[in-house]
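The values are calculated or read from the model by the stated rules, or taken from the named source; none is laboratory data. Keep in mind the model is a prediction, meaning the values are calculated, not measured. Virtual Cβ from ideal backbone geometry, glycine too; neighbours counted across all protein chains shown. To get the accessible areas, we keep the full protein, side chains included, count just its heavy atoms, and leave off ligands, DNA and RNA. Shrake-Rupley method; radii C 1.70, N 1.55, O 1.52, S 1.80 Å.
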Amino acid sequence: QVQLVESGGGLVQTGGALKLSCAASGSIFSISAMGWYRQAPGKQRELVATIADGGSENYSDSVKGRFTISKGNAKNTVHLHMNTLKPEDTAVYLCAAFTSWGTIWGQGTQVTVSS
């Protein structure tokens, strides 16, 4: 199995920046891609960005040009660099690992952008 631990959330003002990190442990050989999703109160979980094992990246339109997903030096880490943050980016951000057994979710980290 795979376990995910996120870090880096917090409170930031509009226009600010944050970096989220996710570290995977366990059967990391089974991971084909990793990504970030977010869920705001009363809203459905939505894709933020994904990065495949080969490095190809995918972003939602709402964050394209402001957020960048990257791999850490270790295979089992992924980062989300968030710039020009807006109040509508406020949500719980969840790390996801796509494995041969299905999608594994982290516990989430809160990001709050004040206006």
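Before moving on, here are some points about what is shown:
- Expressed as a whole percent, the accessible area of the range 57-115 that falls on carbon and sulfur atoms is 49 (1.4 Å probe).
- Approximate shape of the range 1-47 as ellipsoid semi-axes (Cα gyration tensor, √5λ), whole Å, largest first: 25, 15, 9
- Heavy-atom accessible area per residue - the chain, 1.4 Å, Å²: 50 Å²
- Cα-based convex hull, the chain, per residue volume (Å³, whole number): 93 Å³
- Pairs of lysine residues in the chain that meet both criteria, 8 or more places apart or on different chains and Cα atoms under 22 Å apart, total 7.
- Summed side-chain charge close to residue 43 - residues other than residue 43 whose Cβ falls under 14 Å, Lys, Arg +1, Asp, Glu -1: -1
- Rounded to the nearest Hz, the phi-derived 3J(HN,Hα) couplings of the range 81-93 under the Karplus curve 6.51 cos²θ - 1.76 cosθ + 1.60 (θ = phi - 60°) are 8, 10, 10, 6, 5, 10, x, 6, 7, 4, 4, 8, 9, where x marks glycine and proline.
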